[in-house]
Amino acid sequence: MLITIIGSGRIGSTVASNIISRNLGDILLLDIIENLPQGESLDLGHMAAAYGVDVTVSGSNNFVDMHDSEIVVVTAGLSRKPGMTRLDLLNKNANIIADISRKIKEYSPKSKILMVTNPLDVMTYVALKTTGFESTKVFGMSGLLDSARFRYFISKTLNVPISAVDALVIGEHGESMLPLSRYSKVNGTILSEVTSLEVVERIIKETRETAAEVISLKGGTVHAPAVAIGEMVEAVIKDRNKTLPASTYLNGEYGIKDICIGVPAILGKNGVEEIIEINLLDEENKMFMSGVDYLRKAIDEIRLAKIL
């Protein structure tokens, strides 16, 4: 079982580390920078030996080596810098992802694609349209990370254990994300019933802004995304049929067509096995649609630039 990770920088190598710790399969690190994936693969191979995990980790600068991959995790591209929004990266990363997607189609046409590169929902769409893969085979890591952040701030604000908190975030992976307090619970009780609306709104604001804060403080987010990616890869490799928020292609669900955006989905061996539709209140739907509109404008920009 081969898991390919395209991009061997901080996020790619940390994803590989998480996948090794889960013992999910052999790993190929791909990167255009000479020696980087080879060096990382050696270091990670030593880590696997320290864990006692019997997997092979290899590094390459040649995309042909990704043949027969079960899943391809795409972390390559320019990263967000302090003060940048995810959409500031739009056209540059769209060109990079389109090129990578063509290589995936050529060398690993039966694989599933897990997109990580920002702006994530748009890059998921670019990969889908460029490869022409079935929509179930291309999805992005978005809401699972945002939900973890929401969970963290609920726990921190209410001074309760993380294990007591369930949280859900859907929508655009960015400033228009939709943390759903009605679907988030503390010890089984809906969040809005254990604290005030003012506190809930503050937690939601912190959740939306925290990625920018981490980037400002240390230059990029690494550890939390890597764990979220590892969980999604595990759901596919081990056919968990697990419901996780992910950026998926909508074709009528939520009343939306021809866009990738974060919604709850069942992930298994075929990729997105099913999209789960949840009822949204008027205000929730308004925020969700705000994200949809934001993404449509971004996709229009890409089309104007003739990237798609």
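Computed from the coordinates by the stated procedures, all read-outs in this text should not be read as laboratory data. Predicted model, so just to flag it, every value in this text is computed and none were measured. Every residue, glycine as well, gets a Cβ built from its backbone with ideal geometry; the counts of neighbours run over all protein chains shown.
Taking a ≥ b ≥ c as the square roots of the eigenvalues of the alpha carbon gyration tensor, the stretch 184-308 is rounded, as a/c is under 1.5.
In terms of other Cβ atoms within 10 Å, 15, 186, 233 run from fewest to most in the order 186, 233, 15. Projecting the Cα atoms of 131, 50, 4 onto the charge dipole of the stretch 2-140, computed from C-beta unit charges around the Cα centre, puts 131 farthest toward the positive end. So, in nm, how far is label residue 103 from label residue 270 when the simple model puts each one 7 Å beyond its Cα toward the Cβ? If labels sit at residue 103 and residue 270, their model points lie 3.0 nm apart.
In a fully extended conformation the segment linking residue 241 and residue 213 would gain 6.7 nm over its present Cα-Cα distance, using 0.36 nm per residue.
If neighbour count is taken as other Cβ atoms inside 10 Å, put 46, 67 in order from fewest to most.
46, 67
What number comes out for the charge environment of residue 45, summing +1 per Lys or Arg and -1 per Asp or Glu over other residues with Cβ under 12 Å away? The partial results should precede the final answer.
Values: positive: none; negative: 26, 40, 43, 54.
Around residue 45, the surrounding residues sum to -4.
For residue 81, go through the lysines and keep the ones whose alpha-carbon is under 28 Å away, minus same-chain ones fewer than eight residues off. Cα-Cα hits under 28 Å: 92, 103, 129, 156, 205, 218, 297, 306. Inter-part distance, the stretch 181-257 to the stretch 271-308, computed on C-alpha centroids, equals 16 Å.
Full extension of the segment from residue 10 to residue 258, taken as 0.36 nm per residue of separation minus the current Cα-Cα distance, would add 86.1 nm.
Checking [x] 54, 48, 37; [y] 207, 85, 31; [z] 69, 49, 33 against the coordinates, the calculated Cα extents along the principal axes in Å falls under label [x]. Label sites at residue 301 and residue 46, each approximated as a point 7 angstrom past Cα along Cα to Cβ, lie 4.2 nm apart. GNM remark for the chain: springs join alpha carbons under 10 Å apart, and the peak mean-square fluctuation among 174, 132, 59 falls on 132. At an R0 of 45 angstrom, the distance between the Cβ atoms of residue 196 and residue 62 translates into a FRET efficiency of 0.20. Taking Cβ atoms as reference points and 15 Å as the exclusive limit, the residues near residue 31 contribute a net charge of -3, counting Lys and Arg as +1 and Asp and Glu as -1.
Basic side chains Lys and Arg get +1 at the Cβ, acidic Asp and Glu get -1 at the Cβ, and with that the dipole of the chain about its Cα centre reaches some 280 debye.
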